[in-house]
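Report on one structure; see the data block that follows.
The values are calculated or read from the model by the stated rules, or taken from the named source; none is laboratory data. Small disclaimer: the values here were computed from a predicted structure and weren't measured. Cβ: placed from backbone, ideal geometry, glycine included. Neighbour counts: every protein chain shown. Please note that ligands, DNA and RNA were not included when accessible areas were found on the heavy atoms of the full protein model with its side chains. Shrake-Rupley method; radii C 1.70, N 1.55, O 1.52, S 1.80 Å.
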Amino acid sequence: MSDWQHRRQDLESEEMDSPTVSKSRLAAALRFIRRVNAVFGYTRTTLSHLERLTRNWPAGRVLRVLDVATGSADVPVAVARWAKRRGIAVMCVGIDLHQSTLDYATQNTSTIIPLVRGDALRLPFGDGAFDIVMTSMFTHHLPDNLVVAVLREMDRAATHGIILADLLRNKRAYGWITLFTMFSDPMVRHDARVSVKQAFTIAEITELLQDADINYAHARQHFGYRFVVSGLKSGTPMATNPSAV
């Protein structure tokens, strides 16, 4: 079995996750993630799933969205802009565990986004506090058992559905990210490669969804060695066929 087919195990820590990482190096990492999301259309892909999940959204009803592990808050900003174009009233909240990350997001986000410090494993919100709970480029940082825990928390906090976007583990993706970060900060080069090495296959994320007892959401592969999990909970009036989104 090749290195790219092995099961996720013995994960290597990314330097940006260290509690002692300097603010300047953390900022470099967050800028890189924001740039990757924009250049490769990752955020647009995530928004396309949000578009599908809300295609029958009732006129005049506020859409409540939570972005877990929000990082630089580029995704909530994109959600706010998307909602404005659609004429949908939206309340999008970002949550992250690290105060330094939230400080960066606050200083580098022109759109006003409520930001909360909190743990993705124990979201500080009640059951069904949001309509859609989403996360992007986060779960590859975690071992499988914690991915399941995050999925369960997302499911608990969401009334209607979830969206989870992350990387696919692939040898070619590793080659591309190596070239893309060749002249970047050393920490960015290290973390980008680690991210791809401990990313997922479609089969793996599907199994983790099953372990989390989430049967309404499904993984779809997208351009740029990316996948998005999305789906509406059964019984929601927003779609007649939740498995189709």
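When you look at residue 109, is it of a type in the set (S, T, N, Q) and within 17 Å of residue 17 (Cα to Cα), yes or no? Give the derivation first.
Details: of a type in the set (S, T, N, Q): yes; within 17 Å of residue 17 (Cα to Cα): no.
No: the conditions fail for residue 109.
Regarding residue 73, is this residue under 26 Å from residue 234 (Cα atoms), without any contact (Cβ under 8 Å) to a residue 60 or more places away in the chain and surrounded by 15 or more Cβ atoms within 10 Å (Cβ to Cβ)?
no
Mind listing whichever residues of the stretch 153-180 are among the hydroxyl-bearing types (Ser, Thr, Tyr) and part of a helix (DSSP H, G or I)?
Within the stretch 153-180, 174, 178 meet the criteria.
What are the residues in the stretch 201-214 that are open to solvent by 10 Å² or more (accessible area, probe 1.4 Å), more than 20 Å from residue 46 (Cα to Cα) and outside any helix (DSSP H, G or I), if any?
213
Only residues in the stretch 140-162 that are of a type in the set (Asp, Glu) count as the first member; pair them with residues that are at pLDDT below 95, Cβ under 7 angstrom, at least 6 apart or cross-chain, and list the lot.
So the pair list comes out as 144/8.
Specify which of the listed residues (150, 133) is at pLDDT 95 or above, within 16 Å of the chain's Cα centre (by Cα), of a type in the set (A, V, I, L, M, F, W, C) and in a helix (DSSP H, G or I).
The conditions single out 150.
Test residue 54 against the criterion of being at pLDDT 90 or above, under 13 Å from the mean Cα position of the chain (by Cα) and over 20 Å from residue 120 (Cβ atoms), and give yes or no.
Judged against the criteria, residue 54 is not a match.
Check 131, 103 and return the single one that is of a type in the set (D, E, K, R) and out of contact with any strand residue (DSSP E or B) (no Cβ under 8 Å at 6 or more places or on another chain).
103
Going by the structure shown, is residue 193 among the basic types (Lys, Arg), within 26 Å of residue 24 (Cβ to Cβ) and out of contact with any Asp or Glu (no Cβ under 6 Å at 6 or more places or on another chain)?
yes
How many residues are within 17 Å of the chain's Cα centre (by Cα) and basic (Lys, Arg) if we restrict to the stretch 153-189?
Within the stretch 153-189, residues that are within 17 Å of the chain's Cα centre (by Cα) and basic (Lys, Arg) number 2.
Looking at the stretch 98-120 only, could you name the residues that are part of a loop (DSSP other than H, G, I, E, B), more than 14 Å from the chain's Cα centre (by Cα) and at pLDDT 90 or above? Steps first, please.
Initially, the stretch 98-120 is screened for residues part of a loop (DSSP other than H, G, I, E, B), giving 98, 108-114, 118, 120.
Right, trim to more than 14 Å from the chain's Cα centre (by Cα) and you get 98, 108-114, 118.
If the condition is that a residue be part of a loop (DSSP other than H, G, I, E, B), more than 14 Å from the chain's Cα centre (by Cα) and at pLDDT 90 or above, then 98, 113, 114, 118 are the ones that fit.
Okay, residues lined up against (1) among the β-branched types (Val, Ile, Thr); (2) in contact with a Pro (Cβ under 9 Å, 6 or more places away or on another chain); (3) closer than 23 Å to residue 45 by Cβ:
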site	(1), (2), (3)
101	yes, no, yes
113	yes, yes, yes
121	no, no, no
126	no, no, no
130	no, no, yes
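It is to be established whether one or more residues within the stretch 38-53 are in contact with a strand residue (DSSP E or B) (Cβ under 7 Å, 6 or more places away or on another chain) and free of Cβ contacts under 8 Å to residues at least 40 places away in the same chain.
No - not one qualifying residue is present in the stretch 38-53.
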